[in-house]
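Trainee: First, the structure itself, so that you have it in front of you.
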Amino acid sequence: MKSFRDKRRDSRPPAKGGAQQARPHDRAAARPQAKPREEQTGKPDNQSAPKSAPRNLARRDGALPAEHLPLILEVAPNADYALLDSGAGQKLEQYGPYRIVRPEGQAIWQKALPAKDWERADAIFTGDTDEEGIGRWRFPKTPLGETWPMKHDGIDYLGRFTSFRHVGVFPEQASHWDHMAGLIAAARRPVKVLNLFGYTGLASLVAARAGAEVTHVDASKKAIGWARENQEMAGLGGKPIRWIVDDAVKFAEREERRGSRYDIILFDPPAYGRGPKGEVWQLFEDLPDLTDLCRSILTPKPLAVVLTAYSIRASFFAIHALMRDTFAGMGGKVESGELIIREKSASRALSTSLFSRWVA
C-alpha cells in the first residue's frame, strides 16, 4: 500500500521527496491543491533556496509510444486493508485489527452501512476537512498509541496517526507495487529502482523484497526515519536500500551529472511543497522538467517510469500527453488513468489519484 504518498498520499500524506508525499501517502483530481506534504512529517526550514535553472525543453523527435487509456487500477478489500463503507464526506476503513474513520471529500453519495457499524470505529479523525488540513484523532474505545503494527502482502510496517489524517500508507498504490515487483522478477537481471518523494517507504520495501537495489529520496528527515523503522520491522534490514534526505529535483539533477542510471523510476510529487532547504515545488510549473529529467537518468534498457498525481485540478489526459511526449522515440507504451479502491459495503469505486506510466 505514497509507502503508503498522502504522497501522496486517503489523501496522501505530506509531500514526499523533493517537495514534501504524501506520494503517500484521498488526493483526488477534483480536490483543491494540497499543502506541502512535508508539513505532515516534519517541516523544513523556511529559508527559500534558489530554484534550479529551468531545463531547456524541446519536443523530442521520434514516434510517440503506444497508448492505453483509460486504465483503471483497482484495489479490492483484503485481509490487510479494506474500504468498508463511504459516504456523506467520510470513509470507514479497516487496517488490520483497527477500524478508522476519516474525511473523504469525494464520497458525495450516502453511507450504505448502518450507523452502528460506523460507531464501532477505533479511531476517528476530527478537525479540518481539507485534504491536508490539520486535526486530531479521537479514540472512542481504548486510547491507541501513536504507532501500531500493520501489514501489506506479508511486509510488516508501522502505521502512525498523524495530525494530517494520514496513517503512513496509500493502499491504492498496491496496484503499482505489484506491477513493479513483476517487472523486477521478470527482468532476471540486477534492477535499480529510484523512488522519488518516497515517504514512508512501502514501495521501496516491495522493490527491495523483489530483488532490486533501491534509492529512496524524501525531503523530510522524519519520513526517512519512519521508513528506516519500517525496513527493520519488515525484516528487510539486509536489503540494499539507500535512504536519502534531499530535494527530489536536486537529487535527480546530481544523478544526471554523475551518470547514475535507473531501470525503474517512481515519482509521486505533491501539488505544492518545499524541499529541505526551502526549495519550492509547483506541480504544473515543475512537472515537465522533472519528467524530462527522469528520462535522462534511465539505463539503456529501462523497464518503467511511474507518475502518480494527487490533489490536482486536472484530467489524466494532461499527464498522459506529457508522458507520451517525454518518452517519444523510446517505444513502449504509456498507460494512464486512475487508481481506485473498491468499497466492501456497496461495491462503489472511490477514486484516489491520477497516474501515468511508461512501460518499455
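Throughout, read-outs are computed from the coordinates displayed, never taken from laboratory work. The shown structure was predicted, so the numbers you read here are calculated from the model rather than taken from an experiment. As a convention, Cβ positions derive from the backbone with ideal geometry for all residues, glycine included, and neighbour counts pool all protein chains shown.
Trainee: Find, among the GluC sites (Glu not before Pro) in region 182-266, those assigned to loop by DSSP (not H, G, I, E, B) with at most 10 other beta-carbon atoms within 10 angstrom. Don't skip to the answer; put the middle values down first.
Mentor: Working: sites: 213, 229, 232, 253, 255, 256; in loops: none.
The qualifying sites: there are none.
Trainee: Would you order 281, 177, 243 from fewest to most other beta-carbon atoms within 10 Å of each residue's own beta-carbon? If you can, show how the numbers build up before the last one.
Mentor: Working: 281 28, 177 25, 243 18.
Result, fewest neighbours first: 243, 177, 281.
Trainee: Express in whole angstrom the spacing between the alpha-carbon centres of region 73-130 and region 163-180.
Mentor: 15
Trainee: Among 84, 101, 171, which residue has its Cα furthest toward the positive end of the charge dipole of region 54-197, with +1 on Lys/Arg Cβ and -1 on Asp/Glu Cβ?
Mentor: Of the candidates, 171 comes out farthest on the positive side.
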